[in-house]
Amino acid sequence: MRVLEKLSRSINHWVEYMLFALGITMALIVANQVFFRYVLNQSLFWSEELARYLLVWLTFLGATVAYRRKVHPGIDVLFARMPPAMQKATAVLTHFASMTLFAVMILYGYQFAYFVRLQISPALYLPKWIILSIIPLSGMILMVHGITFLLDELKRGGRDN
């Protein structure tokens, strides 16, 4: 349990650094594109495509950080009024449902990335599997966090949350 929690924390730590780097990179690319287009009257043909791909990676990786920090949107009005035993059962069920979704992301994300493995992006000439690999990768990160949360919930026993 301790090892899994440490792994989850460590992964989240590095993903946060990666998000910072991706965000700064995207902002610089977009700023350069605006400068080149409106000041120099030139266009960086590759910048929009790269910014779009960076945004996709930011979105999926950002979702893993939000999940780990438990800051994703939720409605807990009903949950807060449940008795502790029902809260625990609901939390465990929610973790199982989440992990099912993460498994779908891993499986079908991998299949889709494999399906487009021979396609190349038009401006950057990047293989599309690299771009789409974020789907199963983020699914695996989410799964590590989900398993950690589930085991933590089960370990708490009958104690209140």
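Taking the Cα centre as origin and putting +1 on Lys and Arg beta-carbons and -1 on Asp and Glu beta-carbons, what dipole magnitude results for the chain, to the nearest 20 debye?
340 debye
Could you work out how much longer the chain between Lys70 and Glu48 gets when fully extended? Use 0.36 nm per residue separation minus the Cα distance between them, nm to one decimal.
Gain on stretching Lys70 to Glu48: 4.7 nm.
Can you sort Leu154, Leu54, Leu142 from fewest to most other Cβ atoms within 10 Å of each residue's own Cβ?
Neighbour counts put them in this order, fewest first: Leu154, Leu54, Leu142.
Tell me, which longest segment in the chain has none of the trypsin sites (Lys or Arg not before Pro) that fall in DSSP loops with at most 16 further Cβ atoms within 10 Å?
1-69
Just to check, using Stokes-Einstein with a Kirkwood Rh over alpha carbon pairs, what's the diffusion coefficient of the chain at 4 °C and 1.567 mPa s in µm²/s?
Taking Rh from Cα pairs, D becomes 71 µm²/s.
Would you please name the chymotrypsin sites (Phe, Trp or Tyr not before Pro) within region 69-161 that are DSSP coil residues with at most 14 other C-beta atoms within 10 Å of their C-beta?
Those satisfying the criteria are Tyr125.
Does region 71-127 come out rounded, prolate or oblate, given a ≥ b ≥ c as the square roots of the eigenvalues of its C-alpha gyration tensor, rounded meaning a/c under 1.5 and, failing that, prolate meaning a/b above b/c?
prolate
Compute the helix-to-body angle for 47-69: its Cα long axis versus the longest principal axis of the chain, expressed 0 to 90° and rounded to tens.
10 degrees
Of Gly62, Gln119, Leu93, whose Cα points farthest to the positive end of the dipole of the chain (charges on the beta-carbon: +1 Lys, Arg; -1 Asp, Glu; origin at the Cα centre)?
Ranked along the dipole, the leading option is Leu93.
Mind pulling the angle between the C-alpha long axis of helix 2-38 and the longest principal axis of the chain? Nearest 10 degrees, somewhere in 0 to 90.
Compared with the principal axis, the helix lies near 30 degrees.
Bear in mind these aren't lab numbers, they're just calculated from the coordinates by the rules spelled out. Treat the numbers as computed from the prediction; the structure is a model and nothing was measured. FYI the Cβ positions are ideal-geometry reconstructions off the backbone, even for glycines, and counts take in every protein chain you see.
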